[in-house]
Ligand code: AMP
């Protein structure tokens, strides 16, 4: 069964499409957190960022890079929060990779990306060293 976003790409479900090309697609979020809240997706269905092939990932970033200033300008935003909920534990509900471009306005009462975490850990230097090494050796 295809995701709701694939059905939007196919034209089976209506959406306010703002951009499309061969590999990527963008439309307004149906439940906007702010005016201009836009979702950018790969046309093809990949559940998580790590499922996206390198070439599609490059195209996806290019579309995000292109749309961020356009969306800001269209709604006269002061800034944007640009983020992926990558996996269920991070709040991803639609299993089709999507980038949220959320316009932000001075004094809008929202928080920074730092507000997404629960209780923050108090890590010792050696733990930080271990984590950095674990990431570095896997890159
Ligand atoms: P996430 O929690 O990151 O998976 O976000 C999914 C987003 O998709 C939510 O912000 C929804 O409002 C949005 N959404 C769900 N269905 C539709 C739809 N049919 N058209 C546009 N946006 C949608």
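Hey, any hits in region 75-88 for a residue that's free of Cβ contacts under 8 Å to residues at least 12 places away in the same chain and farther than 11 Å from residue 103 by Cα? Looking for residues that are free of Cβ contacts under 8 Å to residues at least 12 places away in the same chain and farther than 11 Å from residue 103 by Cα, one finds at least one in region 75-88, hence yes. Each residue in region 27-49 was checked for being away from the ligand (no atom under 11 Å from the Cβ), assigned to a strand (DSSP E or B) and either over 14 Å from the mean Cα position of the chain (by Cα) or without any contact (Cβ under 8 Å) to a residue 24 or more places away in the chain (or both), and 0 pass.
Out of everything in region 97-133 that is part of a loop (DSSP other than H, G, I, E, B) and under 30 Å from residue 53 (Cβ atoms), what residue ends up being modelled with the lowest pLDDT? Working first, answer last.
Initially, region 97-133 is screened for residues part of a loop (DSSP other than H, G, I, E, B), giving 97-98, 105-112, 117-124.
Still in the running and under 30 Å from residue 53 (Cβ atoms): 97-98, 117.
Details: 97: 98, 98: 98, 117: 87.
Checking each candidate, the answer is 117.
Residues that are within 29 Å of residue 111 (Cα to Cα) and at pLDDT 95 or above do not occur anywhere in region 7-14.
Checked against (1) within 16 Å of the ligand (Cβ to nearest atom); (2) farther than 21 Å from residue 92 by Cα; (3) not in a helix (DSSP H, G or I), residue 67 passes all but condition (3). Check whether at least one residue in region 3-26 is within 14 Å of the chain's Cα centre (by Cα), away from the ligand (no atom under 11 Å from the Cβ) and in a helix (DSSP H, G or I), and report yes or no. Checked against the condition, which is being within 14 Å of the chain's Cα centre (by Cα), away from the ligand (no atom under 11 Å from the Cβ) and in a helix (DSSP H, G or I), region 3-26 yields no hits at all.
The values are calculated or read from the model by the stated rules, or taken from the named source; none is laboratory data. Quick caveat: nothing in here was measured; it's all calculated off a predicted structure. Note that we place each Cβ from the backbone using ideal geometry, even for glycine, and neighbour counts take in every protein chain shown.
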